[in-house]
Amino acid sequence: MRRLILLICMMCATIGAMAQTMSLIPAPRSYTSAAQGYDITYKTTICCDEGAIPAANYLADKLGIKVSSQGDIYLAIDDRLGAEAYQLSVYTDGIIIVGGDYGGVFNGVTTLLQLLPAEVYSSNLTLPCSVKGCAIEDAPRYEHRGFMLDVCRTWIDKEALLSYIDLLAYHKINSLRLHLTDDEAWRIEIKSHHELAKVGGYRGGDSPIWPRYGKWNKKWGGYYTQDDMREIITYAAQRNIKIVPEIDLPGHSLCLATIHPEVLCRYDHNTAAALGYDVRSVICPSNERNYKLLDDILREVSTLFPSEYIHVGGDEVDFSQWKRCPDCRAFMQRTNMSTTEELQAYFMLRLSEILEKYGKRMAIWDDVVSGQNIPADTHVYGWQSVNRCRSVAAAGYPTIVMPGDYFYFDMKQSEHEPGHDWAAIFDMSKVYNFSPAAVGFTANEQKNIIGLEASFFSEAYASRNPESPAYLHYQTFPRLLAFAEVAWIGTDSRNWDGFHKRVVDYYDNLDAMGVYYRLEPPVVEYENGKLSASVSDESTLFYRQEGSDRTLRYLAPIATNTPAAYRFVSRRALAISPTVAVDDYFEVITPAFDITSSMSDRAQYSFDKAEGYGRIARTRRAATIGDWVMFTFAEPVECRSMKVATGNFQLPRYIFESGDVYVSYDGENFTLVGKLKAGAYVIENSPQPIKAVRIVCTSRGNGAEWVSIQPPTIYPVIK
Ligand code: ACM
Ligand code: ZN
């Protein structure tokens, strides 16, 4: 082995000046090109040290060649290189990857894949294939380069999950946290309480689990059996990814509490507004029997997952439930606690004791840490803000930095794109430019950062088309490329322009991987009566004129007096850009209107506040069949489109699950024009100005305690 390292060092010394790094993402620490490379043929074989066998099999599979006791591609392990570090050399006689450990070897393998034609990612590589000569030395900046996937709000089945694990592995992500339980679902089989997944894995239809975010009338979902999970864990481990399970406690436990109502606090809860559903979501920490159930769950989770750390949540607990609970109040008095925060710390401590018993350590969200006696080795995931991350790190906890305004990939990428905006609106440039020092981490605080994590919460995915990975991909690529590079190289040698160019070059790889990524927005300009659009990559531009249902290829500037009538997108393979247009295209009008309804409104979210636009109104109760909402305009409104919607902005929550839409041009006679989809409907090309719109609920309420009513979104006629 020593001989190999010597050989690599000699090559580095003799190859000469640093050549331009190829489109490697993340970029390696050093890349030196050599004059001559190696041709992989069908006769090439891979040999490896024993500890590298899974990586050798992985590579052999990608290349369509065999693993053998002798080979021109050699995967070796030398622990002097350090955790996850590797050296990769491509020279005339072969290819050598030396990793500091298994992870290092695998990281070298993923770099080698990026040196090959893109077809290696679509299993279409034809041999022989030349690999350019080079010597690469590389090591990660952060030991934890994580991604969190919410498989609760949207069910992501085993096959889809394995495909996504491939995408993470290509980019040297080494930790996948599965958010396995939440209010909406329980996604992991627990053999001692089989009802948790069997019932909790499905919502809607005749399931007792409160349906939300789509698939209302149909029972929908699934769960991972323990056998499935072992397969996922092994698949991920081969790809140098550890699976960290998250069982989100004591809040976000509505699903668990629906199946086991005895875990809730002991007080009479009025369920009238929720049509009989008990929508409380927090486990009672003062009920000793709950710890027996949690022990059963955590024992099985600890046995199933090899991960040293088990994430047990701790975020967003609704303390009002504990404050109303006679048992919690008595418990706090008995134990001299004055705040519910102390009570939560007590609960988390009990969980850490259970985990310790099963040989595990605890990981939690940052909510729990406020000077409480949480064990010092607890991994704390900072999500609420950069400042929360800083205070966790300042308190000495091993900190995973994942502030929502940088790393929550369920956020929108620009204003008119899908996603949420409560944390921020950002694209990959913001992700790429994240720097702990620049956002205020002191040197001491930085020492406690063990890594970064990106995440995808999936509320908005469920109501789209979760049978396709398109939305998940669009939200996470290319932001994940930026994240992977920051987590791998840190901030010292970062260069946005160089990275950006590499990303565009890397599109070939994303195409071959089958990723539905986001292309950058085309640039649209209007000058001297001509509307033009351009892209800076090799994607193809299309446009559509308002009122037309045809999408046309954009070939030359369009002569027009109504530039706002055109919108553009670019596409390539499965990728698509956001829709772009001149600013006027997105402008809305806000004519005076009234909301009336068969349901009365809530003081804090009254109809008249929504009538001012910008706010949503809430009814006092859930809707059922026959309930209606009407929007009546002071004057009939001429428009090119009008969206009427129940539910929150950006998310179909608190909606009419189904409903009919009626339009009136005179305020008296109404015509049925369509059906609500995900609580909303867009009236397009109305033949006459609209005086009123009435939506009528056609589904029984499902436990949402109210209906949210949005002001209509109205786009003016283009003149
Ligand atoms: C979270 O986003 N509630 C951790
Ligand atoms: Zn209680």
For this session: Sum -39500 (n - 2.57) across every DSSP H segment of at least 4 residues in the chain, then divide by the residue count to get the 222 nm mean residue ellipticity, nearest 500.
Result: -7500 deg cm²/dmol
Exercise. Which value in nm describes the separation of the simple spin-label points at S385 and K643, placed 7 Å from the Cα toward the beta carbon?
Worked result: 3.0 nm
Problem set entry | Calculated FRET efficiency for the pair D505/T579, C-beta based, R₀ 22 Å, to 0.05 | 0.30
Exercise. Largest first, what is the accessible-area ranking of L672, L59 with a 1.4 Å probe?
Worked result: L672, L59
For this session: Could you check the simple spin-label distance between S548 and Q650, using points 7 Å along Cα→Cβ, in nm with one decimal?
Result: 3.4 nm
Problem set entry | List F670, F426, ordered by accessible area with a 1.4 Å probe, largest first | F670, F426
Exercise. Accessible area per residue of the stretch 39-86 at 1.4 Å probe, in Å²?
Worked result: 51 Å²
Exercise. How large is the accessible surface per residue of the stretch 202-284, computed with a 1.4 Å probe and reported in Å² as a whole number?
Worked result: 37 Å²
Exercise. Taking the alpha carbon gyration tensor of the stretch 289-398, what are the square roots of 5 times its eigenvalues, largest first, to the nearest whole Å?
Worked result: 22, 20, 11
Seminar exercise, completed: For the stretch 297-399, the per residue accessible area (1.4 Å probe, Å²) is 41 Å²
Seminar exercise, completed: Calc'd 3J(HN,Hα), the stretch 511-519, phi into Karplus 6.51 cos²θ - 1.76 cosθ + 1.60 (θ = phi - 60°), Hz, glycine/Pro = x, comes to 4, 5, 6, x, 8, 8, 7, 8, 7
Exercise. Points 7 angstrom from Cα along the Cβ direction at S606 and D278: gap in nanometres?
Worked result: 3.5 nm
Seminar exercise, completed: The relative contact order of the chain, taking Cα pairs under 8 Å that sit 6 or more residues apart, comes to a percentage of 10 percent
Exercise. Counting alpha carbon pairs within less than 8 Å and at least 6 residues apart, what relative contact order, in whole percent, applies to the stretch 315-463?
Worked result: 17 percent
Exercise. Is any residue of the stretch 122-142 close enough, with backbone N under 15 Å, to a label point placed 7 angstrom from the Cα of Y42 along the Cα-Cβ axis, and if so, which?
Worked result: 125-129
Exercise. Projected onto the charge dipole of the chain (+1 at Lys/Arg Cβ, -1 at Asp/Glu Cβ, origin at the Cα centre), which of Y74, G276, T234 gives the Cα projection farthest towards the positive end?
Worked result: G276
Exercise. Excluding ligands and nucleic acids, what accessible area in Å² is computed for C639 using a 1.4 Å probe, to the nearest 10?
Worked result: 10 Å²
Exercise. Measuring from centroid to centroid over Cα atoms, what is the spacing of the stretch 544-583 and the stretch 653-707 in Å?
Worked result: 29 Å
For this session: Using 0.36 nm per residue of separation minus the Cα-Cα distance, give me the extension gain between M337 and R266 in nm, one decimal.
Result: 23.7 nm
Exercise. Once you charge only the Cβ atoms, +1 for Lys and Arg and -1 for Asp and Glu, what is the size of the charge dipole of the stretch 593-665 about its Cα centre, to the nearest 20 debye?
Worked result: 400 debye
Problem set entry | Unit charges on C-beta of K, R, D, E only; dipole of the chain, Debye | 400 debye
For this session: Go ahead and run the numbers for FRET between E50 and T234, Cβ-Cβ distance against an R0 of 25 Å, rounding to 0.05.
Result: 0.90
Problem set entry | HN-Hα J in Hz across the stretch 628-634 - Karplus 6.51, -1.76, 1.60, θ = phi - 60°, x for Gly and Pro | 9, 9, 10, 10, 10, 8, 4
For this session: For the pairs K242/K323; K412/K643; K132/K447; K323/K677, note any where the Cα-Cα span goes beyond 29 Å.
Result: K242/K323; K132/K447; K323/K677
Seminar exercise, completed: Treating only Lys and Arg (+1) and Asp and Glu (-1) as charged, each at its beta carbon, one finds that the stretch 241-285 has a dipole about its Cα centre, in Debye to the nearest 20, of 80 debye
Seminar exercise, completed: Rounded to the nearest 0.05, FRET efficiency between S30 and L162 (Cβ-Cβ, R0 30 Å) equals 0.35
Problem set entry | Stokes-Einstein D for the stretch 58-167, Kirkwood Rh over Cα pairs, 10 °C, 1.306 mPa s (µm²/s) | 102 µm²/s
Exercise. How far, in nm, would the chain grow between S69 and A424 when pulled straight, counting 0.36 nm per residue and subtracting the alpha carbon separation?
Worked result: 122.5 nm
For this session: Give the accessible area for D49 in Å² (nearest 10); use a 1.4 Å probe, count only protein heavy atoms, and leave out ligands, DNA and RNA.
Result: 40 Å²
Problem set entry | Gain on full stretching of the segment that runs from K132 to D537 - 0.36 nm per residue minus C-alpha separation | 143.3 nm
Problem set entry | Value of relative contact order over the stretch 218-365, rounded to a whole percent, pairs C-alpha under 8 Å and six or more apart | 29 percent
Exercise. Amide H to amide H under 5 Å from Y224: which residues, 5+ apart in sequence or cross-chain, H placed 1.01 Å off N in plane?
Worked result: I188, E189
Problem set entry | Column: log10 I(q)/I(0), Debye, Cα scatterers of the stretch 523-635, q = 0.09, 0.11, 0.15, 0.21 Å⁻¹ | -0.45, -0.61, -0.76, -1.02
Seminar exercise, completed: Carbon/sulfur accessible area of the chain, % of total, 1.4 Å probe, equals 47 percent
For this session: For the stretch 303-406, run through the chymotrypsin sites (Phe, Trp or Tyr not before Pro) and keep only the ones in DSSP coil with at most 10 other Cβ atoms within 10 Å of their Cβ.
Result: none
Seminar exercise, completed: Projecting the Cα atoms of A645, F407, L574 onto the charge dipole of the chain, where Lys and Arg contribute +1 and Asp and Glu -1 at Cβ, the residue farthest towards the positive end is A645
For this session: Compute the separation of the alpha-carbon centres of the stretch 192-208 and the stretch 361-398 and state it in Å as a whole number.
Result: 32 Å
Exercise. Can you tell me the Rg and Dmax of the chain, counting just the alpha carbons, in angstroms?
Worked result: 28.0, 90
For this session: With θ set to phi - 60°, apply the Karplus curve 6.51 cos²θ - 1.76 cosθ + 1.60 along the stretch 689-694 and write out the HN-Hα couplings as whole Hz, x wherever there is a Gly or Pro.
Result: x, 9, 8, 7, 10, 10
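The values are calculated or read from the model by the stated rules, or taken from the named source; none is laboratory data. Just so we're clear, the structure is a prediction, and the values are computed from it rather than from any experiment. Note that we place each Cβ from the backbone using ideal geometry, even for glycine, and neighbour counts take in every protein chain shown. Note: areas computed on protein heavy atoms with side chains; ligands, DNA, RNA excluded. Shrake-Rupley method; radii C 1.70, N 1.55, O 1.52, S 1.80 Å.
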